[in-house]
Amino acid sequence: MARPTYQSKEHKSAQQETIRLVSEKTGVMFFETPDYYVVDYCAYKDDVFVGWVEVKNRNYNSTDFDTFIISVHKLVDGCQLRDYTRKNFILVVR
């Protein structure tokens, strides 16, 4: 049975805004991966591929909980990409 997806236009816009802020702060360029790909973005620094990025925007106030919720499947997939490609897997939480 396929896992449900929760991608909406609002969700996608929030991800894009978050990654834009990270790009401004770090100078890293991010490129969206295709829909339903394992992670949300590929990261490039000085035209060199440097890693994989998953973006998690919390839908509650940051003061409500001292943690965030994410599927263990997402983490395992990201870590496998890291292991197979020897490139960083970064989780961005906003």
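Quick note: the coordinates plus some simple rules give every number you see, no bench work behind them. What you see is a predicted model; the values in this text were computed from it and never measured. Please note: Cβ atoms are built from the backbone with ideal geometry, for glycine as well, and neighbour counts cover all protein chains shown.
The number of residues in region 32-50 that are more than 14 Å from the chain's Cα centre (by Cα) and more than 14 Å from F89 (Cα to Cα) comes to 4.
If you go through region 34-52 and keep only what is in contact (Cβ under 8 Å) with a residue 24 or more places away in the chain and not hydrophobic (A, V, I, L, M, F, W, C), you end up with D35, Y36, D40, G51. Inside region 38-53, residues that are part of a strand (DSSP E or B) and farther than 16 Å from L81 by Cα make up a count of 2. One residue stands out in region 57-94 among those that are touching a residue at least 40 places away in the same chain (Cβ under 8 Å) and assigned to a strand (DSSP E or B): the one that is farthest from the chain's Cα centre (by Cα), namely N88.
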